[in-house]
Amino acid sequence: MRVTNPRRLVMFSLVTAVLTVAAFELIFNQRVRQEMNRRPQDQATPPEEIHVLPGFEVQLLHSASAGEGSWIAMTVDPQGRLIIAPQGEGKLLRLTVTGGRLRKRERLDLPCTDAMGLLYAANSLFLDCNGPAGRGIYRASEQGGIFGPPELLRLLNDSMAEHGPHAVALGPDQKLYVVAGDFTRLPPNLSPASPFRHYADDQLLPREEDACGFGAGLQPPGGFVLRMDLDGRNSELFDGGTRNIYGIAFNSDGELFGADNDMDWDAGLAWYRPVHISHLVSGGDYGHRQGAGKAPYYDEDTLPSTRDVGLGAPTGLKFPPMDCSFPPAYRDACFVEDWAYGRLLAVHFTPQGASYEATIETVLRGRPLNLTALEFGRDGSLYFITGGWNTESGLYRLTYTGPAIPKSAQTSRQRANDQTARAARSLRRQLESFHGQREAATCDEIWPSLNNSDRWIRYAARVALENQEVAKWRDRALAETNVEGGLTALLALARCGGRETQAGLLQALEKFPFASLPPQQTLLELRVLELSFIRQGRPSADLCAAAIETLDPFYPSTNEDINHELCQVLLYLQAPGVVAKTVDLLEKAPTLEEQTYYVMRLRDITNGWTMDLRRRYLGWFQKKRGHMAHRPELVQSFHDVGLAYSDGISLEPYLDNFWDEAAATLSAGERAALAQYLPKPHLSPPAGRVRKFVKQWRMADLEPDLVKLTQHRPRARGAAVYNRLDCSLCHRFAGIGGLVGPDLTAVGSHMAGRDILESILEPSKVLPAPYQNTLLTLRDGDVLAGRVVDENERRLIVMTDLIGRYRVEILKADVKSRRLSKISPMPEGLLDSLTEDEIWDMIAYLESGGQPINALIQK
């Protein structure tokens, strides 16, 4: 028998032990990596789950720690440090990043919270925030890395923060530019030299308030941009008529841009506006009005979008600096974040006259990727953050690591276009320098530009003209024979001239007969008529008859836009036969959007009807609309974010309101004869099902098991749970459901599973403002809760049952106080009848957006 050497036995044992430990460590590390790849729900979305263009790379530098909040705004200081603001309460953060790594985190001791706009400039931090004196613009000067107490520059109050004051930018004129949403009240003491003035609602026929009550009673200017000195003085109203721009930025030409939010509730309706990029210029009116009153892009008293984007919720917006490390094609691009669908877009501009045209591509996309703000660092990289609505936040870095791409040489045509565009912008800016300055220019300096072929130059010239005394240019406007210049001058006269000028204005229009005009000028002439009727009053009977005689032969037209304007002008004038022609157009209209236009216009017309026309019009409301065609660009906007088209949640409520209003115009005899065509009384919602109690679920019970969401869960099981809870009574999902709460189709793009779960278990913790009820305390002691859907100086209309859509009218004199409720309309305990597996099935179903997994992966 062989005797083993003791030393060799010890060595063999040690090697065996080391190999065993190493094998165990390898297996353990593999399991740890597997668990880490399942994404802890308290960390931001990992880069591996973000799809990015070839050549670009994304790094996650930091996930918000406990107490750091949910991030919504960011700026960069001269040292390259990133200053970040959380939503709601919480201190500002200052993060130092070098070499692609987070090196230092600091809390800034400033008494400022909920900053939706941050800007570092002139050795100071400018904040749009809740500060010591209330909501407003503050300036905190910095010395040696320490900020002094914030100084109030301008109070900016709003009734809903999400549509309140937002971004702050530094202009090439070294002035502050502050953008605000349409729930922001204009501050007092604005400069009388403000470029934006003479604005009004300008509706020829009564507009319909939003069917869900959003923005009911709000009046122009809507959203706006303020311009002021760095000390807050000389505050001017720069532009208006936007809805809810969150981010603004200047390009290398010194031109200001913003991305305006959409009202996706209105998809399928004629007045729906998609997300769009706006070139924001002095005195610009971008046509947003509440409800169905939005101006069409062709109205020349407003300015069009530069590029429509489609669906989304745009947040941060920036142009790269000159030393950006991106390829040449991206150094002039505008980077725009989409919070709703987790996208970073690159908008590529091409100069076009005094403005621009643009194309768009998606640079990166993730689920969830709730983008809120972005900045370019001193290293030439793009840094962006996620957050909002109490969701998890992360700081990311986007770099270009692909092959070098040389800048392509400009062609002679491109160089010539650039030179022409620079000259056009220079002329537009010269005209804008006259805005607000009554004696800064003479009519001779302005007049030639009224006839310019460039709409943006004509607009700037008209605004300059309107700032001059009307008596100095009225006669010249009435005598002008050039078509473009004459119609533009008469547009200014209709907006600014008194009633005494109306007869001369209408006579002057006879120089420009309809039959000889191209569509754009036809629409301009119709807008002149509308504004004259709106602002100068209804003409005399003789003038009305003359207008009918001129316009009636051209209705209907082969042009849809011209039909829309002729429709409302002839209905206003009560032209014989206009109702019959409009009902014919309604029945022939190829898309639901066009049909809703005529339905809206006819809803409260009381004259010109026959019983047959009543039946045809009222019968339209009873048609099934699921098979109706839609505008191709609208359908494409859904496909761009991986969704099938679905009507906005406001469509059916709008149509119900129109049906009710049309029925209210009938006499008792007509109601009896048309009973089968009239809307049925609103029924009470079905009684809730009795569900067996399982457990009073809390986040602490479920949060440890969030990893179960990574397991395969058939959509059919989640859909069954969703339907069993009757969620569709209040929520739209994948095109089906109610309008009481948010549309949940895209919730997986901006909320992780943990956030979705928390929003169900604790519905009042984060309450989106559009879905808050209003509490009215009446003078008799009663308290009324509901959604205000219409308002005027005398009364309120309150929807007290959001599912059954019951409304009550309250006199304002009877209201003692009014405030927004902090309690969500969604009750707690909705999940208490579910097992844990059923809860995870439903959350996974909501994360999917109702789409197959392969439909969620976008380029």
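The values are calculated or read from the model by the stated rules, or taken from the named source; none is laboratory data. Just so you know, these numbers come straight off a predicted model, no measurement behind them. Methodologically, a virtual Cβ is constructed for each residue, glycine included, from the backbone with ideal geometry; neighbour enumeration extends over all protein chains shown. These accessible areas exclude ligands, DNA and RNA; they are computed on the full protein's heavy atoms, side chains included. Shrake-Rupley method; radii C 1.70, N 1.55, O 1.52, S 1.80 Å.
So here's what we get for this one:
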quantity	calculated
Any hit, region 417-428, residues being at pLDDT 90 or above, in contact with a Cys (Cβ under 6 Å, 6 or more places away or on another chain) and of a type outside the set (A, V, I, L, M, F, W, C)	no
Any hit, region 668-676, residues being open to solvent by less than 20 Å² (accessible area, probe 1.4 Å) and over 26 Å from the mean Cα position of the chain (by Cα)	yes
Condition met for Gln419 (more than 31 Å from the chain's Cα centre (by Cα), under 30 Å from Asn234 (Cβ atoms) and either open to solvent by 30 Å² or more (accessible area, probe 1.4 Å) or not basic (Lys, Arg) (or both))	no
Residue ranges of strands (runs of 3 or more DSSP E) in region 84-144 with at least 3 members crowded, with 19+ Cβ neighbours inside 10 Å and either among the hydrophobic types (A, V, I, L, M, F, W, C) or without any contact (Cβ under 8 Å) to a residue 60 or more places away in the chain (or both)	92-98, 113-121, 124-131, 134-143
Residues within region 507-522 that are more than 21 Å from Trp473 (Cβ to Cβ) and surrounded by fewer than 22 Cβ atoms within 10 Å (Cβ to Cβ), tallied	8
Unmet requirement for Pro351, which otherwise passes all of (1) more than 28 Å from Gly642 (Cα to Cα); (2) crowded, with 23+ Cβ neighbours inside 10 Å	(2)
Count - residues of region 697-715 that are more than 21 Å from Gly829 (Cα to Cα) and either out of contact with any Phe, Trp or Tyr (no Cβ under 7 Å at 6 or more places or on another chain) or small (Gly, Ala, Ser) (or both)	5
Residue match in region 248-262 (condition: at pLDDT below 95 and within 30 Å of Gly626 (Cα to Cα))	yes
Of residues in region 309-357 being of a type in the set (Ser, Thr, Tyr) and outside any strand (DSSP E or B), the one farthest from Gly258 (Cα to Cα)	Ser325
Residues of region 695-731 classified as among the charged types (D, E, K, R), in contact with a Lys or Arg (Cβ under 9 Å, 6 or more places away or on another chain) and in a helix (DSSP H, G or I), total	3
Among residues of region 148-162, those that are touching an Asp or Glu at 6+ places or on another chain (Cβ under 8 Å) and open to solvent by 10 Å² or more (accessible area, probe 1.4 Å), counted	3
Leading residue by the ranking (farthest from the chain's Cα centre (by Cα)) among those in region 235-256 that are within 22 Å of Asp182 (Cα to Cα), part of a loop (DSSP other than H, G, I, E, B) and of a type outside the set (A, V, I, L, M, F, W, C)	Ser235
Any hit, region 56-64, residues being over 28 Å from the mean Cα position of the chain (by Cα), free of Cβ contacts under 8 Å to residues at least 40 places away in the same chain and closer than 29 Å to Pro327 by Cα	no
Single unsatisfied condition, Asn234 versus (1) open to solvent by 10 Å² or more (accessible area, probe 1.4 Å); (2) in contact with a Pro (Cβ under 7 Å, 6 or more places away or on another chain); (3) without any contact (Cβ under 8 Å) to a residue 60 or more places away in the chain	(2)
Of the criteria (1) assigned to a helix (DSSP H, G or I); (2) hydroxyl-bearing (Ser, Thr, Tyr); (3) surrounded by fewer than 19 Cβ atoms within 10 Å (Cβ to Cβ); (4) more than 31 Å from the chain's Cα centre (by Cα), which one Ser449 fails	(3)
Filter result (small (Gly, Ala, Ser) and open to solvent by 20 Å² or more (accessible area, probe 1.4 Å)) within region 475-495	Ala479
Residues of region 538-549 satisfying the condition of being open to solvent by 20 Å² or more (accessible area, probe 1.4 Å), touching a helix residue (DSSP H, G or I) at 6+ places or on another chain (Cβ under 7 Å) and under 22 Å from Ala477 (Cβ atoms)	Leu543
Checking Pro172 against (1) open to solvent by 50 Å² or more (accessible area, probe 1.4 Å); (2) within 14 Å of Ser235 (Cβ to Cβ), the condition it does not meet	(2)
Cross-chain or 6+ apart pairs with Cβ under 7 Å, region 172-184 first and under 22 Å from Arg289 (Cα atoms), then β-branched (Val, Ile, Thr) and assigned to a strand (DSSP E or B)	Val178/Ile137; Val178/Val168; Val178/Val225; Val179/Val225; Val179/Ile248
Wholly enclosed strands (runs of 3 or more DSSP E) of region 358-408 bearing at least 2 residues modelled with pLDDT of 95 or more and surrounded by fewer than 20 Cβ atoms within 10 Å (Cβ to Cβ)	394-400
Options Val168, Val225, Val178; residue that is aliphatic (A, V, I, L, M), touching a Pro at 6+ places or on another chain (Cβ under 7 Å) and assigned to a strand (DSSP E or B)	Val178
Residue that is surrounded by the most Cβ atoms within 10 Å (Cβ to Cβ), among those in region 197-231 that are over 25 Å from Asn773 (Cα atoms) and aromatic (Phe, Trp, Tyr)	Phe224
Residues located in region 496-506, provided they are touching a residue at least 12 places away in the same chain (Cβ under 8 Å) and either open to solvent by 60 Å² or more (accessible area, probe 1.4 Å) or not small (Gly, Ala, Ser) (or both)	Cys496, Arg499, Thr501, Gln502, Leu505, Leu506
Which listed residue is more than 22 Å from Tyr120 (Cα to Cα), of a type outside the set (Phe, Trp, Tyr) and in contact with a strand residue (DSSP E or B) (Cβ under 9 Å, 6 or more places away or on another chain), from Asn251, Asn244, Asn234	Asn244
Per-region count, region 266-277, residues out of contact with any helix residue (DSSP H, G or I) (no Cβ under 7 Å at 6 or more places or on another chain), farther than 14 Å from Gly312 by Cβ and surrounded by 23 or more Cβ atoms within 10 Å (Cβ to Cβ)	1
Test: residue in region 458-468 that is open to solvent by less than 20 Å² (accessible area, probe 1.4 Å) and at pLDDT below 95	yes
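The rows are residues; the columns are (1) more than 30 Å from Tyr645 (Cβ to Cβ); (2) open to solvent by 30 Å² or more (accessible area, probe 1.4 Å); (3) in contact with a Lys or Arg (Cβ under 6 Å, 6 or more places away or on another chain); (4) not in a strand (DSSP E or B).
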| position | (1), (2), (3), (4) |
| --- | --- |
| Thr777 | yes, yes, yes, no |
| Gly781 | yes, yes, no, yes |
| Arg787 | no, no, no, no |
| Ile797 | yes, no, yes, no |
| Pro825 | no, yes, no, yes |
| Asp832 | yes, no, no, yes |
| Asp837 | yes, yes, no, yes |
| Asp841 | no, no, yes, yes |
| Leu846 | no, no, no, yes |
